[in-house]
Amino acid sequence: MKKVVFVIVLLLSIIAFGGEKIGSGTSELLTDSATELLEKILGENWEESNSRISYFTVDTTKELVFAVAAQTGMMMGAVPVVSDFEGGILVMTTSPNQALSGSIFYSFQIEEATFGEHTTTAVTMKTNKLYYSKYLGWDTDSSEGTLYHKLAALIFSVIFTYKKASYEVIEGVITNPEGTIEKLKDFIENQ
């Protein structure tokens, strides 16, 4: 059973990133769709961005975006302090018990809108670093929040791309198993 699960995860990973350059020494860092999403979150000059708040939309369900946001926070070492799926609010921090200097806060506000067959989810993502300075006192808008915002956007983009690809494969297995098997077979043979 473990071998089957491993093979499925491997296949989904290959499908998600197949044919794309990932850190291959060129300026292309991520898959095309992940790069597009990253630029949508942070802007085309994302490397120079000093933003700690982003507004973006993705053409998928609220459930998928909420799951990706939670997984992003966990990969950044944060745990949820507010998790309200119905309200579309998720706040995570690296210091859950008390606000310690150096704590990072990741906040997501997620709203879904459906127009006929088309579903779009709007996301507001904010990152703050709480720190204490003996000269300035407490500050929740540290410029270091920018670095963590970029990292969160990068991780969110990669996870979203992978999850979306794996959802498409799962949906294909349910709706068109023969066609999906042929596509996977062709894909594996051409690698």
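Bear in mind that the values in this text are calculations on the coordinates, not laboratory data. Fair warning: this is a prediction, and the values are worked out from it, not measured in the lab. Here Cβ is always computed from backbone atoms with ideal geometry, including for glycine, and neighbour counts include all displayed protein chains.
Of note:
- Burial order of peptide ranges 143-154, 174-185 (average beta-carbon count within 10 Å, highest first): 143-154, 174-185
- When the Cα convex hull of region 26-184 is projected onto planes of every orientation, the mean area is 11.9 nm².
- Placing dummy labels 7 Å off each Cα toward the beta-carbon, the span from residue 190 to residue 82 is 4.7 nm.
- In this structure, the pairs whose alpha-carbon distance is over 22 Å, taken from 62/163; 129/163; 126/150; 40/164; 40/183; 164/185, are 129/163; 40/183.
- Computed E for residue 170/residue 111 - FRET, C-beta separation, R0 35 angstrom, nearest 0.05: 0.90
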